[in-house]
Amino acid sequence: MAQQTEAKPLPLVQPLASGAGWSVNEFRCVAGPGEPVFEERHDGFSIAAVVEGTFTYRGETGRAVLTPGALLLGNNGACYACGHDHSRGDLCVSLNVSAEVFAEVAASAAGTGRYSFPSAMTVAAGEVLSAFMRLQLWSASSDISDSDERVVKVIESVLAHISGLAPHQQMVSSRDVARVKDAMTRIEDASEAELDLASLAAATGMSRYHFLRVFRRVSGVTPYQCLLAARLRRAAFS
């Protein structure tokens, strides 16, 4: 979630899931009133759901008091400080995304790859909370795991909630349509094999997140949903 610029007692961290350019961790802080507050720095973009406790966040986007149900929003490289003025400890589940991954998703969801959060917090709305819960319940798979799709969904939901706009719609080229059709054929033909998102995207000449975005726009489903449907058809006729 962050890198420290000064030594301080570290929160208890439990890794929940990770992928290329992102990770999900549970942070439990035990600090309380009267204890020193130190400056820290976000390493990547952070979207953290407050599960328990109350604390104050101060950063370049302002000051916020975060309580359960709030989302802490941190920009890459931004310095901040957290304090517990009125209670001890808190529990957060944090999605940390690299600047490269965030820029790629934001280019579609917000219309610009240079997007940064305008405020330090927002309240988790229904769609955002649902997307975050699905991400938290992620489990490893040797197939096309939908964990990357869940990461994209969380970022898109948060950006849409903040801006009040639907994800930015970009035109899909005929070349990309052909690439998606090839990928769908590959999934159908090899649905029993150990497919992964990275290899499917590489075969089309796209990055993972551009592939996810274009695949969903062309087919109406995600690669993982396409794989599940192919396996169901294979099972039905076997």
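No value in this document is a laboratory result; all are computed from the given coordinates. Not measured: the values here are computed from a predicted model. Note that each Cβ is placed from the backbone with ideal geometry, even for glycine, and that neighbours are counted across all protein chains shown.
Is the shape of segment 37-139 best called rounded, prolate or oblate, per the rule: a/c under 1.5 gives rounded, else a/b larger than b/c gives prolate, else oblate, with a ≥ b ≥ c the square roots of the Cα gyration tensor eigenvalues?
Taking the square roots of the gyration eigenvalues as a ≥ b ≥ c, segment 37-139 is oblate.
With each pseudo-label sitting 7 Å past Cα toward Cβ, what's the residue 177-residue 114 distance in nm, one decimal?
Computed distance between label sites residue 177 and residue 114 equals 3.3 nm.
For residue 129 paired with residue 56, estimate the spin-label separation in nm (one decimal), with each label point 7 Å from Cα along the Cα-to-Cβ line.
Once both label points are built, they end up 2.7 nm from each other.
Looking at (i) 1.00; (ii) 1.11; (iii) 1.05, which value of Cα Rg over 2.2 N^0.38 Å comes from a calculation on the structure shown?
Comparing each candidate, only (ii) matches the computed number.
For the chain, build the charge dipole from Cβ charges (+1 Lys, Arg; -1 Asp, Glu) around the Cα centre, then report which of 205, 93, 132 sits farthest towards its positive end.
About the Cα centre, the residue reaching furthest to the positive side is 205.
Pick out, in residue order, every one of the GluC sites (Glu not before Pro) in segment 23-97 that is DSSP loop and has at most 15 other C-beta atoms within 10 Å; say none if there are none.
Of the GluC sites (Glu not before Pro), the ones in loops of segment 23-97 whose Cβ has at most 15 other Cβ atoms within 10 Å are 39, 60.
Which FRET efficiency, nearest 0.05, do residue 231 and residue 20 yield, Cβ-Cβ r, R0 22 Å?
0.35
What angle do you read, to the nearest 10 degrees and between 0 and 90, between the alpha-carbon axis of helix 174-189 and the longest principal axis of the chain?
80
Kindly provide the Kirkwood hydrodynamic radius of segment 169-236 in Å, to one decimal, from all pairs of distinct alpha carbon atoms.
Final number for the Kirkwood radius of segment 169-236 is 12.0 Å.
Putting +1 on Lys and Arg Cβ atoms and -1 on Asp and Glu Cβ atoms, find which of 106, 67, 171 reaches farthest to the positive end of the dipole of the chain.
171
So how do 171, 133, 206 line up by other beta-carbon neighbours within 10 Å, fewest first?
171, 133, 206
Let me know the longest stretch in the chain that avoids all chymotrypsin sites (Phe, Trp or Tyr not before Pro) found in a DSSP loop with at most 16 other C-beta atoms within 10 Å.
39-236
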